[in-house]
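Before any comments, here is the structure.
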Amino acid sequence: GAVVSQHPSRVICKSGTSVKIECRSLDFQATTMFWYRQFPKQSLMLMATSNEGSKATYEQGVEKDKFLINHASLTLSTLTVTSAHPEDSSFYICSPRSIDTQYFGPGTRLTVL
Amino acid sequence: GNSVTQMEGPVTLSEEAFLTINCTYTATGYPSLFWYVQYPGEGLQLLLKATKADDKGSNKGFEATYRKETTSFHLEKGSVQVSDSAVYFCALSSVNSGYSTLTFGKGTMLLVSP
């Protein structure tokens, strides 16, 4: 099956710092990338959707200046959490889509102290 | 808006027991329905899907039938194995602003003991 990698898998940072999460589709090209956030015992919540080379479309309530998404190529997308705060601590999951199949990365656990 | 409700876990079963994980949904139009599985340390994987009413999705011994009249898509397996221990997510797809997006339930953890 398709392989999706996320890096890092876990990150702990201090409040006020920025964290970049990379998502790579290793054996296919992702025309669309979804980024989700999952809080404990909650469902995956869609944060934003992006197409390669275009600006991301953010869901209501998600700050675009805080969660910067770059989808510069068909195999790489990044999510940068800027000026992170403890309430940003969560599990972030990327989900690249190729044609009509959506795949999921293993997720990144972010803890902001 | 769209929503998916699934039973809370964890569901704890002995090997070879019968499994049911309930899932109901609220949606406009005619969504496609999915079950995803997440094994420890891995990303979500599509387990099965159904695209229209009365369709039955099946894979690896798991089955779910799209019931429009009860807005349900319950997951079943006749005999679970220890290797089935994972978190199961029910989801529906809808078109929003030109994109097909997924709405997930909260997930149900299944623990199967030998």
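Laboratory data are not the source of any read-out in this text; all were calculated from the coordinates shown. Remember, it's a predicted structure, so these values are computed and weren't measured experimentally. Neighbour counts are summed over all protein chains in view; Cβ atoms, including those assigned to glycine, are modelled from backbone coordinates with ideal geometry.
With N set to the number of residues, divide the alpha-carbon radius of gyration of the range B:1-87 by 2.2 N^0.38 Å and report two decimals. Against the empirical 2.2 N^0.38 Å value, I get 1.09 for the range B:1-87. Cβ-Cβ distance of A:LYS55 and B:TYR30, R₀ of 22 Å, FRET efficiency by 1/(1 + (r/R0)^6): the value works out to about 0.10. Each of A:SER25, A:ILE69, A:ALA84 was scored by the projection of its Cα onto the charge dipole of the range A:1-98, and the greatest displacement toward the positive side belongs to A:ALA84; charges sit on the C-beta of Lys, Arg, Asp and Glu.
About its Cα centre, the dipole of chain B is roughly 320 debye, where the only charges are +1 on Lys and Arg Cβ and -1 on Asp and Glu Cβ.
If the only charges are +1 at each Lys and Arg Cβ and -1 at each Asp and Glu Cβ, what is the size of the charge dipole of the protein assembly as shown around the Cα centre, to the nearest 20 debye?
On the way: 19 positive and 19 negative charges, 83 e Å.
For this selection, approximately 400 debye.
Ordered by the count of other Cβ atoms within 10 Å of each Cβ, fewest first, B:ASP54, A:ASP88 give B:ASP54, A:ASP88. Evaluating 6.51 cos²θ - 1.76 cosθ + 1.60 at θ = phi - 60° for every residue in the range A:31-41, the Karplus couplings come out as 6, 10, 10, 10, 10, 10, 10, 10, 8, x, 6 Hz, glycine and proline recorded as x. Note on chain A: with a GNM built from Cα contacts shorter than 10 Å, the maximum mean-square fluctuation among A:GLY61, A:GLY16, A:GLY53 falls on A:GLY61. Classify the protein assembly as shown: rounded, prolate or oblate, from the alpha-carbon gyration tensor (a ≥ b ≥ c, eigenvalue square roots; a/c under 1.5 rounded; otherwise prolate if a/b is larger than b/c)? Prolate shape, in that a/c is at least 1.5 and a/b is the bigger ratio.
In terms of other Cβ atoms within 10 Å, B:HIS74, A:HIS85, A:HIS71, A:HIS7 run from fewest to most in the order A:HIS85, A:HIS7, B:HIS74, A:HIS71. With both residues required to sit in chain A, DSSP beta bridges show an antiparallel share near 90%. By other beta-carbon atoms within 10 Å, ranking B:TYR30, A:TYR92 with the fewest at the front produces B:TYR30, A:TYR92.
Put a plus charge on the Cβ of each Lys and Arg, a minus charge on the Cβ of each Asp and Glu, and nothing anywhere else: the dipole of the range A:9-56 about its Cα centre is then about 320 debye. The share of Cα pairs per 5 Å bin across chain A, counted from zero up to the longest distance, runs 2, 13, 24, 26, 20, 10, 4, 1 percent. Label sites at A:ARG10 and B:SER113, each approximated as a point 7 angstrom past Cα along Cα to Cβ, lie 2.7 nm apart.
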